[in-house]
Amino acid sequence: MIVLIHYRETGQYTGDFLHGMTYNVKQRLNALLESLFADGRLQHTIDLNFETQAVILQWDSTQQPAEKLRNSIIGIEPENGLEISAVIGTPCDTLAAIPASYRKAVKAAEMLGYSGMHAKVVQADDVKTADKNAVDYPLQQEQTLINAVIHGKTAIWQSSLEELIAANRQKRGNLLPTLTLMLDVTVKRMIDGTDLSASEAPPGPNDADDLQLRACRSFEELHQKALHAFGRLEAWFAKAQDKSNSSLAEKMLSYVHEHYRNEISLYDLADYLNLSRNYVSTLFKNAVGRNFKDYVGEYRFRQACALIQDNPDLKLKEVADQVGCNTEILTRLFTRHAGMLPSDYQQMCKKKEKADD
């Protein structure tokens, strides 16, 4: 059988302390499970992500491991900052049945928060995933909504929102209040998950009210107000991204201007910014209008021109050394950007200097 173990942060702590505490609790629980199932029935433990683990157990009955899991979780869970829960998938008669057990556990874990169950350990079959009174709002769909809004993929989040509301409107029962509350929480998660302050939000009257969905009295009103709220958030994130990109562009140009005398590459710039090379390459070209290599070459050319203008008698090798290249590259730069050799430019500057005297 498959057991999903979830570690949920409760908000009392943040940062490295919470991260370290979670990691420590996971290690202690894993060691305890290995001890409890030392007879070989603990087959494997897999970290799906930092908050979720999948444990494969070989057991004939789910009741006994459920009791052991419950006691282990209660004994090791800290008083504050972290909650631990587990969902046990359906029993597997063969190895081929494990994927189905896993999917059942995942589905049950998604619906657990909406079912009203608060047990530390639950059986997947006990979670009424098909209950007509349960809101249909899987965690994966919420993540799709959040990611699409943050990254400006309007068509995706609008389609996902429309499907979500349509699916719950077709069910029987009064699901509107619960769905409005859950979408309200989604909005709050998007805001809380950023460093943006309220003052950076797009201007407009009643900003706080515009992002509140709980007062909606119909699915139609919820749909329209959610479209408006997510649209405002999308614009908010786009503005923040533009500001971030502008700041990055300044850092990139500053790096080139400070290090052009050395052998620098796009890899060096990406390493300096702690970003991927492909992302930096795209951002640099969008911000500057040309690629990194071309810009560095042009900047070296301009600096070489300034050096020769200030001192026409300076040897071209010294000029090349001072702008971070050799005489061969310097020649190519002048041919490309000035249509002449650096020696011709040097002679031109000398004649101008004599004429000014």
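Please treat every number below as a calculation from the coordinates, not as lab data. On a predicted model such as this, the values are computed, not experimentally measured, just so you know. Neighbour counts run over all protein chains shown; Cβ positions are idealised from the backbone, glycine included.
Table for the structure above
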| item | result |
| --- | --- |
| Proxy reagent accessibility, fewest Cβ within 10 Å first, across 87, 106, 25 | 25, 106, 87 |
| Peptide ranges 290-301, 68-79 listed from the most packed, as the mean C-beta count within 10 angstrom indicates | 290-301, 68-79 |
| Set of lysines with alpha-carbon distance to residue 285 below 24 Å, sequence-local pairs under 8 removed | 153, 239, 243, 251, 293 |
| Residue order, fewest to most surrounding Cβ atoms within 10 angstrom, among 332, 232 | 332, 232 |
| Additional length obtainable on full extension of the chain from residue 332 to residue 347, 0.36 nm per residue less Cα span | 3.7 nm |
| Scaled radius of gyration (Cα, divided by 2.2 N^0.38 Å) that the stretch 260-357 gives | 1.26 |
| Using θ = phi - 60° and Karplus 6.51 cos²θ - 1.76 cosθ + 1.60, couplings along the stretch 183-189 (whole Hz; Gly, Pro as x) | 5, 4, 5, 4, 4, 5, 4 |
| Residues with amide H under 5 Å from that of residue 136, placed H, sequence gap 5 or more | none |
| Cβ-based exposure ranking for 154, 144, 331, in which fewest neighbours within 10 Å come first | 154, 331, 144 |
| Pairwise FRET efficiency - residue 281 versus residue 103, Cβ, R0 = 56 Å, nearest 0.05 | 0.90 |
| Proximal lysines to residue 225, defined as alpha-carbon separation beneath 18 angstrom and excluding residues fewer than eight positions away on the same chain | 188 |
| Per-residue ³J(HN,Hα) for the stretch 273-288, Karplus 6.51 cos²θ - 1.76 cosθ + 1.60, θ = phi - 60°, Hz, x for Gly and Pro | 8, 6, 10, 6, 4, 5, 5, 5, 4, 5, 4, 4, 5, 5, 7, 9 |
